[in-house]
Amino acid sequence: MLRFVKSNAIALIALVFAMTGTGLAASHYVITSTKQIKPSVLKKLHGARGSRGATGHTGSQGVQGPVGRQGLPGAQGPEGPFPSSLPAGKTLTGTWEVDGNNPTKSSTTTLSAAISFQFPLASPPQWAYESAGEHSKECPGSSAEPSATAGWMCVYEAESGSVQGVFLATPSRFGSFIEAESEETEGLFYIYGTWAVTG
């Protein structure tokens, strides 16, 4: 009787385990996609964001690095060349003006103005005075467009009032003086124009 009870007990236990194992197997399955997981559960499964990976390369060109610091200023370079005299064939131009007041009708007044070259010439030039409308082969320009042939200084008159004479001092390598004499008329007198000199 006791042997029968033990045999039945062992058979009963085996049956229970077999039924339990079948139940466990039936309640589990393999997950192959996140679509199989409930969204609210999937949200809780997300971990913290990882650090950014290294930037990839495109072709053979590498990733541009950061801009470097600006370098120190370089040393002062030598002074550039400065001509000791106006090069041959180069032309300088400028303006001139003489004006003043003649106090009486019975006398004249003479005033002067300086003409200074921006660069000294290699030698003193010859000169010519061109009244309004006059031109010579040495001075083919005008008061609006002053010019001079090589070795010449040309003084062009643009406009004048109550002036009876103009005198130009012999030019030097550095410039010249121009004088204007008023008429025997009381009051203001003036004259002005342009000049050009070519080395």
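None of the figures in this text is laboratory data; all of them are computed from the coordinates on show. Owing to the predicted nature of the structure, the values given are computational and were not obtained by experimental measurement. Cβ: placed from backbone, ideal geometry, glycine included. Neighbour counts: every protein chain shown.
Taking only the C-alpha atoms, wrap a convex hull around region 91-198 and report its volume per residue in Å³ as a whole number.
Working: hull volume 8.6 nm³, N = 108.
It comes to 80 Å³ per residue, whole-number rounded.
Subtracting the Cα-Cα distance of R49 and T91 from their residue separation scaled by 0.36 nm leaves 7.4 nm. The aspartates and glutamates whose alpha-carbon is closer than 18 Å to the alpha-carbon of K137, local same-chain residues fewer than 8 away aside, are E145, E157. At an R0 of 35 angstrom, the distance between the Cβ atoms of E183 and A122 translates into a FRET efficiency of 0.35.
Each peptide among 84-96, 186-198 gets the average number of other Cβ atoms lying within 10 Å of its residues, and from highest to lowest they stand as 186-198, 84-96. Modelled this way, with points 7 Å down the Cα-to-C-beta line, the labels at S136 and K105 are 3.7 nm from one another. Applying 1/(1 + (r/R0)^6) with r as the Cβ-Cβ distance of T170 and E145 and R0 = 22 angstrom yields a FRET efficiency of 0.30.
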